[in-house]
Structures are given as structure tokens and as C-alpha cells.
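So the structure is just underneath, and the comments pick up after that.
The values are calculated or read from the model by the stated rules, or taken from the named source; none is laboratory data. These numbers were taken from a predicted model, which means no experiment stands behind them. A quick note on method: Cβ atoms are made from the backbone with ideal geometry, for glycine too, and the neighbour counts reach across all protein chains shown.
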Amino acid sequence: MAMNQQLVDAFNAQIQAEFQSAYVYLGMAAWFTENNLPGFAQWMRVQWEEETQHAMKLFDFLHNRGERVMLRPLSAPGGTYTSALDVFEHVHQHEQSITSSINALYEHALNTKDLPSQIVLQWFINEQVEEEALVIEIIERLKLVGSDGPSIYLLDRQMATRPSAPQEA
Ligand code: OFO
């Protein structure tokens, strides 16, 4: 069954938002590399991969529904941060805005009674809960270690152990 055109447009906007997230996190990976925190940089590269997979999940969904993917331009990610904590506070804000856009998209799918869209978006709703919780946990750890060099070093080594994004997003 064909999708409502406004819903298709909103999916395309979400594809852009997911690619934009990937780009923002890649910018943060560069910042961490430049600031001698390779473990955090690795964590951000995995996040970049995950966001790309999120975009592709929506991309494939539109195609499977016989709809058109319309890729939109991305903007340059911000690039100046004052600390690892500052970076993760930006991540938290960013994820909160993504959560709002996913929730709005889900409401749109409900209003148009599009059941397959509702199902694919339920996966994203759960994912956002997990992502926000993970980011808050990192923020709390960063607050705990403060500016203690040896603790930041250990945390950086721990961040490096984040496994690559699973292929099945
Ligand atoms: Fe960071 O989350 Fe995508 O959806």
C-alpha cells in the first residue's frame, strides 16, 4: 500500500537527520583524536557507524515500500568543544532532539494509520531510550573523574573497547 506523501517526506527528513547525526559524531571523533583521546575517538567512530546504519534502515524501508528516497544536504558539524564532558553534553542534547523527531514521526505514522511505519519506528523509539541512557552514564562517569588525568586515561582505554556497530541495526 502506498504511503501518505507527507509521511514519505517526513521519513526523508529523518534519513537526513540520521546522516547529520553520523556527521556530527564523526566531527567529535576528529576532536577526540586531535585532543589525544583515541579511545573516545574510537567510541565516536562506532557511533558514526551506528547512525549511518539508522539512516540506511529508513532508506531501505522507503524502498521496500516502493517510495522514493530523496537525499538532502548535510551541514558542517560543529567542531569546538572545551572538554570530553562538553562533547557528551552536546551528544545528549543532540540525541534528545532526535528522540523528539522520531516521536513526531511515529505520531505521524499513527495518524495516517500506516502500520509498517509504526513497527519500524518502534525499533527507533527503543533505540533512543538505550542511546540516551548510555550517554547519561558516560556523562556521569566524566563528572566523577573530573580533570584527574590518570582517571581520564583509564576511561579513554575503556571507551576504546566499544565493539563495532552490529550489521543488523
Ligand atoms: Fe543516535 O540515534 Fe539514530 O536514531
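Overview of results
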read-out	value
Verdict on Ala22 being in a helix (DSSP H, G or I), under 16 Å from Phe124 (Cα atoms) and within 16 Å of the ligand (Cβ to nearest atom)	yes
Looking only at the range 79-107, and only at residues there that are away from the ligand (no atom under 16 Å from the Cβ) and not charged (D, E, K, R), the one that is surrounded by the most Cβ atoms within 10 Å (Cβ to Cβ)	Ala84
Contacts under 8 angstrom Cβ, first residue in the range 151-163 being basic (Lys, Arg), partner surrounded by 14 or more Cβ atoms within 10 Å (Cβ to Cβ), 6 or more apart	Arg157/Gly39; Arg162/Gln42; Arg162/Trp43; Arg162/Val46
Test: residue in the range 44-67 that is closer than 25 Å to Gln93 by Cβ, modelled with pLDDT of 95 or more, more than 13 Å from the ligand (Cβ to nearest atom) and of a type outside the set (A, V, I, L, M)	yes
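The rows are residues; the columns are (1) closer than 21 Å to Gln47 by Cα; (2) modelled with pLDDT of 95 or more; (3) part of a helix (DSSP H, G or I); (4) of a type in the set (Phe, Trp, Tyr).
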position: Pro73; (1), (2), (3), (4): yes, yes, no, no
position: Gly79; (1), (2), (3), (4): yes, no, no, no
position: Leu85; (1), (2), (3), (4): yes, yes, yes, no
position: Ser97; (1), (2), (3), (4): yes, yes, yes, no
position: Ala104; (1), (2), (3), (4): no, yes, yes, no
position: Leu110; (1), (2), (3), (4): no, yes, yes, no
position: Val135; (1), (2), (3), (4): yes, yes, yes, no
position: Ile138; (1), (2), (3), (4): yes, yes, yes, no
position: Arg141; (1), (2), (3), (4): yes, yes, yes, no
